[in-house]
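Peer 1: Pasting a structure here, questions to come.
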Amino acid sequence: MSNAHESMMGILKLYELRSEGTMRKARDWFATGFHPESTQDILNVLTGDHSADFRMVASYWDMAAAFVVFGAINDDMFNAINTEHVLVYAKLQPFLAEIRAIPGIPPYMHLKHLEPVVQRLPDAEQRMAVMRRYVKSRRESQAASQT
């Protein structure tokens with residue numbers, strides 16, 4: 001089997017996993033209902049009602065990125081097909097230094113695999129800025145619809 005075929009099969013398996021019902025709900029919450037403004041906001045989520053959602057999304061994308069880092073999935077193919085990993089990283093990146101300094105934080109929260117996958121993108125900063133603007137506009141729309 002070719003490396004491209006193996007990468008394709010890996011990506012299809014990742015897609016299957018992320019389409020599972022519980023994971024889909026967790027991803028929706030992370031994308032549209034989770035708006036951290038501080039490290040404490042993230043720590044609060046870990047002990048709150050959405051702890052499982054947060055852990056599921058963060059660990060899934062760090063695991064998926066690990067496949068890229070270790071060469072099981074081609075990074076160009078992975079990045080051409082996915083964008084959500086950039087959103088996850090863009091939301092958590094401002095707080096990573098503080099999170100990494102906290103003893104006992106689970107390794108998936110360090111995003112040590114996701115970070116290099118996103119940072120290697122030639123337009124990483126622009127992509128993260130686009131994601132942050134998208135998240136901000138969604139949050140503002142949600143707030144306006146609730147008033």
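Peer 1: Note down the magnitude of the dipole of the range 19-147 about its Cα centre, charges +1 on Lys and Arg C-beta and -1 on Asp and Glu C-beta and zero elsewhere, to the nearest 20 debye.
Peer 2: That gives a dipole near 160 debye.
Peer 1: As an exercise, use a Förster radius of 25 Å and the Cβ-Cβ distance of Gln126 and Glu37 to find the FRET efficiency, rounded to the nearest 0.05.
Peer 2: Computed FRET efficiency for Gln126 and Glu37: 0.65.
Peer 1: Go ahead and set up a Gaussian network model of the chain, Cα springs under 10 Å, then flag whichever of Thr22, Thr32, Thr47 fluctuates most.
Peer 2: Thr47
Peer 1: With everything on Cα atoms, drop me the angle between helix 124-145 and the longest principal axis of the chain, reported from 0 to 90° to the nearest 10.
Peer 2: Helix 124-145 sits roughly 40 degrees off the main axis of the chain.
Peer 1: Can you sort Trp61, Trp29 by 1.4 Å-probe accessible area, starting with the largest?
Peer 2: Trp29, Trp61
Peer 1: Report the calculated FRET efficiency for Ile81 and Thr47 (r = Cβ-Cβ distance, R0 = 25 Å), to the nearest 0.05.
Peer 2: It comes out at approximately 0.15.
Peer 1: OK, next. Counting only GluC sites (Glu not before Pro) that sit in a DSSP loop (anything but H, G, I, E, B) with at most 13 other Cβ atoms within 10 Å, what is the longest stretch of the chain containing none of them?
Peer 2: Longest stretch, sites excluded: 38-147.
Peer 1: Which whole-Hz ³J(HN,Hα) couplings does the range 17-26 yield from phi under the Karplus relation 6.51 cos²θ - 1.76 cosθ + 1.60, θ = phi - 60°, glycine and proline marked x?
Peer 2: Working through the residues one at a time gives 4, 7, 8, 4, x, 5, 5, 4, 5, 5 Hz.
Peer 1: First compute the accessible area of the chain with a 1.4 Å probe, then give the percent of it belonging to carbon and sulfur atoms.
Peer 2: It is 56 percent, rounded to a whole number.
Peer 1: What does the convex hull of the Cα atoms come to per residue for the chain, in Å³?
Peer 2: 115 Å³
Peer 1: With a 1.4 Å probe and all protein chains kept in place, how much accessible area does Met9 have, in Å² rounded to the nearest 10?
Peer 2: 90 Å²
Peer 1: Separate question: I'd like to check one number: the per residue accessible area of the chain, probe 1.4 Å, reported in Å² as a whole number.
Peer 2: In whole numbers, the chain has 56 Å² accessible per residue.
Peer 1: Suppose only helical runs count, i.e. DSSP H with n ≥ 4. What mean residue ellipticity at 222 nm does that imply for the chain under -39500 (n - 2.57) per run, divided by all residues and rounded to the nearest 500 deg cm²/dmol?
Peer 2: Counting only the DSSP helices, I get -22000 deg cm²/dmol.
Peer 1: Along its three principal axes, how long is the range 72-147 when you only count alpha carbons? Whole Å, largest extent first please.
Peer 2: 46, 35, 18
The values are calculated or read from the model by the stated rules, or taken from the named source; none is laboratory data. Because the structure is predicted, anything quoted here is derived from the model rather than measured. All Cβ positions, even for glycine, are placed from backbone atoms using ideal geometry, and neighbour counts span all protein chains on display. Accessible surface areas use protein heavy atoms only, side chains included; no ligands, DNA or RNA. Shrake-Rupley method; radii C 1.70, N 1.55, O 1.52, S 1.80 Å.
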